[in-house]
Amino acid sequence: MSKYRRVRQRVAQSSLHHDDVLLVPMAATDEQLSVAHDADYIQRVCTGTLSEAEIRRIGFPWSPAMVQRSRRSTGATIAASLAAREDGVAANLAGGTHHAFANAGEGYCVFNDAAVAIRWLLHQSLIRRACVIDCDVHQGNGTASILQTDPRVFTFSIHGAKNFPSRKVASDLDIGVVDGIEDAPYLELLENGLEQVWQAGPYDLAIYLAGADPFEGDRLGRLRITKDGLRRRDEMVLMSCRDRHIPVAIAMAGGYAHEIEDIVDIHCQTLAVAKSLFA
């Protein structure tokens, strides 16, 4: 989607981020991907030997560029997680591919960047425990599936109860919200959910999926959260992490507004909130 290019352009041109470092991420290696994905699935993605049904489930055609983009998006969340341990917060300007399972892609997600990043840092003994705070409007079924038997990771998803995917996979904590929910009740549910996340801690890393798709103008979201409500959501999540001294890596996740500039506004607002809280 062109939203990623536009977000990067706006960040690069913004005086707010003039002293921030923008890096082109390294592509995730097969070794890194294998901590969360089956070796056979990685091989079939990378060699273009997925079945037609598997490609349909992903939602876009296979190409070498698709493989490279998926590897680099995952590599960016690994890099953001490492940087957050040094700086408190860092962001992948893409990522949030939470519908990818260990052995299959789904819903425009090929590799699960959050699961790979957490498992890789655990594998490297850089962290001992982590949490995923998923505020995309769609439930993080792939993340839940990959990490559901790992006691070192707590997964939390707040999402549209009747939205995609039709078959949810239980996270450690799921909050399904009704269609049309507005700012105040949504934020109250999020606050209650975060309290349960922290009670299950402590954590050495949080990965925050800051989806733009709960926005009232989103084509797929079906919620009525304003831009101001999303700003308050970001403040709540990021301030909670900061106050508990939990490094947080941000991934942009979904956004499908009718006007692409609304998506860019929301993603850049998330980055601005992070900048203000961790400056």
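Things worth noting here:
- Simple spin-label estimate for Ala161 and Val178 gives 0.8 nm between the two label positions (7 Å along the Cα-to-Cβ direction from each Cα).
- On a per residue basis, segment 145-279 carries 42 Å² of accessible surface, using protein heavy atoms and a 1.4 Å probe.
- Scanning the chain for long hydrophobic helices, with DSSP H runs required to stretch 27 angstrom or more by C-alpha along their axis and to average at least -0.5 on the Kyte-Doolittle scale, returns 64-87, 260-278.
- In this simple spin-label model, placing a label point 7 Å from the Cα along the Cα-to-Cβ direction at both Asp20 and Lys275 gives a separation of 0.6 nm.
- Relative contact order %, segment 126-195, counting alpha carbon pairs below 8 Å whose residues are six or more apart: 30
- Of the peptides 92-98, 55-61, the order by per-residue mean of other Cβ atoms within 10 Å, starting with the highest, comes out as 92-98, 55-61.
- About the Cα centre, charge dipole magnitude for segment 216-267 (Lys/Arg +1, Asp/Glu -1 at Cβ), debye: 280
- Arg5, Arg242, Arg44, ranked by accessible area, largest first (probe 1.4 Å): Arg5, Arg242, Arg44
- Average projection area in nm² (convex hull over Cα atoms of the chain, one quarter of hull surface): 12.9
- Label point of Arg128 set 7 angstrom out along Cα-Cβ; within segment 196-225, amide nitrogens under 19 Å from it belong to 198-207.
- R0 of 35 Å, Cβ-Cβ distance Arg152-Glu259: FRET efficiency to nearest 0.05: 0.30
- Whole-number Å³ per residue for the convex hull built on Cα positions in segment 1-130: 103
- Its residue count N sets the reference 2.2 N^0.38 Å, and the alpha-carbon radius of gyration of segment 65-120 equals 1.10 times that reference.
- Computed packing ranks the peptides 72-81, 152-161, 33-42 as 72-81, 152-161, 33-42, most packed first, by mean other Cβ atoms within 10 Å.
- Carbon and sulfur %, accessible surface of the chain computed with the full protein complex present, 1.4 Å: 51
- Set of aspartates and glutamates with alpha-carbon distance to Lys168 below 16 Å, sequence-local pairs under 8 removed: Glu106, Asp134, Asp136
- Solution diffusion estimate, µm²/s, Stokes-Einstein, segment 240-279, Kirkwood Rh from C-alpha pairs, 10 °C, viscosity 1.306 mPa s: 138
- Candidate lysines - alpha carbon under 20 Å from Lys227, same-chain residues fewer than 8 apart omitted: Lys3, Lys275
- Whole-number D in µm²/s for segment 159-243 (Stokes-Einstein; Kirkwood sum over Cα pairs; 10 °C, 1.306 mPa s): 116
The values are calculated or read from the model by the stated rules, or taken from the named source; none is laboratory data. All figures in this text were calculated on a predicted structure; none of them were measured in a lab. Please note: Cβ atoms are built from the backbone with ideal geometry, for glycine as well, and neighbour counts cover all protein chains shown. We work out accessible area using only protein heavy atoms, side chains counted, and drop any ligands, DNA or RNA first. Shrake-Rupley method; radii C 1.70, N 1.55, O 1.52, S 1.80 Å.
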